[in-house]
Amino acid sequence: MIADNLVVDARTGRRATWGELVRHADPRPEPTAHAVEHSVDALPAVAALKDGGELLVVAAGRLDESLAEELRTDGFDLVAGDDVQAATSPRAAEDGRVWLLTSGSTGRPKRVGHTLASLSTVTGELAPRTWLCPYSPGTYAWWQVVTLGLGVPGQELVLVDPADLDDWVTPALEHGVTAVSGTPTFWRRTLMRHGAELRKLALEQVTLGGEPVDQAVLSQLGEAFPDARVSWIYASSEVGASIVVHDGRAGFPTQWLDRDVPGRPRLSVVDGELVITSPHHGTDASGAEMTGAVRTGDAARIEDGRVLVTGRLDRDELNVGGSKVSAGAVRDLLQSHPAIAWAAVRGRKAPLVGTMVVADVVASQDSGVTADDLTRWAAERLPEYAVPRRIKMLAEIPAKETLKSDV
Amino acid sequence: METLDRPAVRKLMGEVLAVQGKTLPADDTAKLADIGFRSLDFSELALRVEDEIGDELNFEAAGLRSIETIGDVLDLLVEIQGQ
């Protein structure tokens, strides 16, 4: 732990070093799940991990009764502020174990085990930076930023709760933020709402992750922050941070495929799916190491020497009257339109052809572009069956607490 | 539930073609093949009708039939609303 690194709570303006946070910590010998209202509330428990303990952090809003019951059955004491509900099946803590909740295939959260070391994937020296952490507490992305502040010299954090993200630029300016990590949805909302204000932020690092990253948003960020390095990261609870790209381009070079480099993940594309064998992977709920190649469920396609990760496989491929359409490719095209701030593309049940391509779109402010304009524009660039025939114009970019699009 | 009458469905059909720079003839006996109204266009029209009435159309209720003219399309889409 770097005791001198500073943490700022954007909501209250309170500042503390990790050294001060650990003095306020209440180390618990039992496995503990901390349900927190605010991102900053989880930090004393994170700091206390240096002395051992077993920890799971979850946003209070994500903890429903059934998850609470499940965690207590799995041996966790449930702590929310001063309220402690003891585990119904107590067990000894596994010192140093950190648990993350990820969306399981059934929709129920699934536990993935890590340690502070397996969550800290940054190697080498970093220039001193002040990071904005906008993520929901306990998510993989949140841990990535928090472990930077906890373990890398010169990395300070400004924590903003997801509920307060409509105006993150003001506290970022106030507290001298120089690096921001967010999902593409977070960045699109930001570019749409705070276009002019952003120029005042002296960002050195802009990072994207958590969702497919297309060229349009990378280019817009490059223009908004000409002095910043714009990077995108492919990471998940299961395989850790596996792909990091700094060249400002969507996708990664095909030369990275099927390469064996010690300490680095091995990347492959199998039947259109991204497959990763990672040194950063976690354990399953029983603590067993998840080894070997992981089928990520993310669609990947090769285009112009780059491997583009376009979206979830089960939602990406649409069948329109027997013709295959990549929803991600159509979305990327719509988002490359100069008047479009955000787009989501999906299939909709339709007669004769089974499925039709439809889209929800948010136009840039005052663009005046209509759904019919976009359909005509797309028709000039896509096969007829791939053109979104129904386009709904939304006023705002929808987003979940995870900062990912909720469409 | 709201339903669309024949002129309203005709108007939507005209909109589907207008986006493609085509015009819907006034004559209901005009052949779909002649005006370039194809499967994707029919599907789009069905979705437009569904959006207007706020309900999914039940094409199983249509039975076996031949759809060759503008009138055939309008008859079908008026008939299956609410079924």
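The Cα atoms of the stretch A:36-115 define a convex hull whose projected area, averaged across directions, is 5.4 nm².
On a 1.4 Å probe surface of the protein chains, which of A:D373, A:D9, A:D271 comes out largest in accessible area, and what is the full order? Can you show the working numbers first?
Details: A:D373 60, A:D9 10, A:D271 135 Å².
The most accessible residue leads, giving A:D271, A:D373, A:D9.
Take each residue in B:42-53, count the other chain C-beta atoms within 10 Å of its C-beta, and the mean is 4. With angles folded into 0 to 90 degrees, how steeply does helix B:70-79 sit against the dominant principal axis of chain B? Use alpha carbons for both and round to 10. With both axes taken from Cα atoms, the answer is about 10 degrees. Basic side chains Lys and Arg get +1 at the Cβ, acidic Asp and Glu get -1 at the Cβ, and with that the dipole of chain A about its Cα centre reaches some 1040 debye.
Per residue of B:11-23, how many C-beta atoms from partner chains lie within 10 Å of its own C-beta, taken as a mean?
Values: counts 0, 0, 0, 0, 1, 1, 0, 1, 9, 4, 1, 0, 0.
Partner Cβ neighbours, averaged per residue: 1.
Calculate, for A:T370 and A:T102, the FRET efficiency according to 1/(1 + (r/R0)^6) with r their C-beta to C-beta distance and R0 51 Å; round to the nearest 0.05.
On the way: r = 39 Å, r/R0 = 0.77.
E(calc), rounded to 0.05, equals 0.80.
Would you give the gap between the C-alpha center of the stretch A:298-317 and the C-alpha center of the stretch A:349-406, rounded to a whole Å? So the two Cα centres are separated by 19 Å. Quick query: amide H of A:S231 versus all other amide H atoms, modeled in the peptide plane; which residues come in under 5 Å with a sequence gap of 5 or more or a different chain? Under 5 Å from the amide H of A:S231 lie the amide H atoms of A:V206, A:T207, A:L208, each far enough along the sequence or on another chain. Build a GNM of chain A with springs between Cα atoms under 10 Å apart, and of A:G81, A:G347, A:G210 the one that fluctuates most is A:G81. Beta bridges per DSSP, both residues in the protein assembly as shown: antiparallel share near 60 percent. When A:E94, A:E223, B:E2 are compared by accessible area of protein heavy atoms, the largest-first order is A:E223, B:E2, A:E94, using a 1.4 Å probe.
How much of the accessible area of the stretch A:314-394, probe 1.4 Å, is carbon plus sulfur, in whole percent? Before the final figure, lay out the partial values.
Values: 1670 of 3630 Å².
Result for the stretch A:314-394: 46 percent of the exposed heavy-atom area is carbon or sulfur.
Within the assembled protein chains, the solvent-accessible surface assigned to A:H246 is about 90 Å², based on a 1.4 Å probe. A simple spin-label model places the labels of A:R259 and A:E37 4.8 nm from each other, with each point 7 Å out along Cα-to-Cβ.
Across the stretch A:155-168, coupling constants 3J(HN,Hα) worked out from phi with the 6.51/-1.76/1.60 Karplus curve, θ = phi - 60°, read 9, 9, 10, 10, 9, 10, 6, x, 5, 9, 6, 4, 10, 8 Hz, and Gly and Pro carry x. The amide H of A:T115, built 1.01 Å from its N in the peptide plane, has A:V98 as neighbours under 5 Å, considering only residues 5 or more places off or on other chains. Taking 0.36 nm per residue of sequence separation and removing the Cα-Cα distance, the A:A202/A:A285 pair yields an extension gain of 25.7 nm. Computed extension length for A:R312-A:D95: 74.6 nm, one decimal, from 0.36 nm per residue of separation with the Cα-Cα distance subtracted.
Suppose all protein chains stay in the model; what accessible area per residue would a 1.4 Å probe give for the protein assembly as shown, in Å²? Spell out each step's value before the answer.
Numbers: 21920 Å² over 490 residues.
In whole numbers, the protein assembly as shown has 45 Å² accessible per residue.
Computed 3J(HN,Hα) for the stretch A:278-287, one whole-Hz value per residue from the Karplus formula 6.51 cos²θ - 1.76 cosθ + 1.60 where θ = phi - 60°, is 10, x, 9, 5, x, 10, 7, 4, 7, x, glycine and proline marked x.
Distance between the pseudo-spin-label points of A:R229 and B:D55 (7 Å out from Cα toward the beta carbon): 6.0 nm.
Accessible area, 1.4 Å probe, largest first: how do A:L394, A:L352, A:L173 sort? Let's see the in-between values first.
Values: A:L394 50, A:L352 125, A:L173 70 Å².
Solvent-accessible surface, decreasing: A:L352, A:L173, A:L394.
Between B and A, roughly 1500 Å² of accessible area is buried in total, ligands, DNA and RNA not counted and the probe set to 1.4 Å.
For A:E396, the accessible area of its heavy atoms, probed at 1.4 Å with every protein chain present, is near 100 square angstrom. Averaged over the residues of peptide A:83-96, the number of Cβ atoms from other protein chains lying within 10 Å of each residue's Cβ is 0. Extension gain for the segment A:E125 to A:K400, taken as residue separation times 0.36 nm less the Cα-Cα distance, is 95.6 nm to one decimal.
Which order do the peptides B:43-49, A:323-329 take when ranked by the mean count of other beta-carbon atoms within 10 Å per residue, highest first?
On the way: B:43-49: 22.7, A:323-329: 18.9.
Going from most to least packed, we get B:43-49, A:323-329.
Between A:D26 and A:E174, the C-beta separation translates, for a Förster distance of 22 Å, into a calculated FRET efficiency of about 0.15.
Per residue, the convex hull spanned by the alpha carbons of the protein assembly as shown comes to 172 Å³. Comparing A:A327, A:G297, A:A341 along the charge dipole axis of the stretch A:295-347, the residue lying farthest to the positive side is A:G297, per the Cβ-charge model.
Quick one: of A:K50/A:K404; A:K324/B:K11; A:K324/B:K22, which pairs are farther than 29 Å apart, Cα to Cα?
Details: A:K50/A:K404 31 Å; A:K324/B:K11 31 Å; A:K324/B:K22 27 Å.
Table pairs above 29 Å Cα-Cα are A:K50/A:K404; A:K324/B:K11.
Using R0 = 56 Å, the C-beta based FRET efficiency linking A:S336 and A:A86 works out to 0.55.
Backbone phi angles across the stretch A:34-50, fed through the Karplus curve with coefficients 6.51, -1.76 and 1.60 (θ = phi - 60°), yield HN-Hα couplings of 9, 9, 10, 6, 10, 3, 5, 5, 7, 5, x, 5, 5, 4, 5, 4, 4 Hz in residue order; Gly and Pro are listed as x.
Taking the 1.4 Å solvent-accessible surface of the stretch A:1-82 as the whole, the part contributed by carbon and sulfur is 44%.
Annotation: amide H of A:L6 within the under-5 Å range of A:L157, sequence separation 5 or more or interchain, hydrogens built in the peptide plane. Only protein heavy atoms count here; under a 1.4 Å probe, A:M393 has an accessible surface of about 70 Å².
Quote the relative contact order of chain A in percent (integer), defining contacts as alpha-carbon pairs under 8 Å separated by 6+ residues.
On the way: 864 pairs, mean separation 44.8, N = 407.
Computed over chain A, the figure is 11 percent.
Rank A:L218, A:L267, A:L382 by mean-square fluctuation in a GNM of chain A with C-alpha springs under 10 angstrom and give only the top-ranked residue. Looking only at A:L218, A:L267, A:L382, the biggest GNM fluctuation is shown by A:L382.
The values are calculated or read from the model by the stated rules, or taken from the named source; none is laboratory data. Bear in mind the structure is a predicted one, so any value in this text is a computation, not a measurement. As a convention, Cβ positions derive from the backbone with ideal geometry for all residues, glycine included, and neighbour counts pool all protein chains shown. Only protein heavy atoms, including side chains, enter the accessible area calculation; ligands, DNA and RNA are left aside. Shrake-Rupley method; radii C 1.70, N 1.55, O 1.52, S 1.80 Å.
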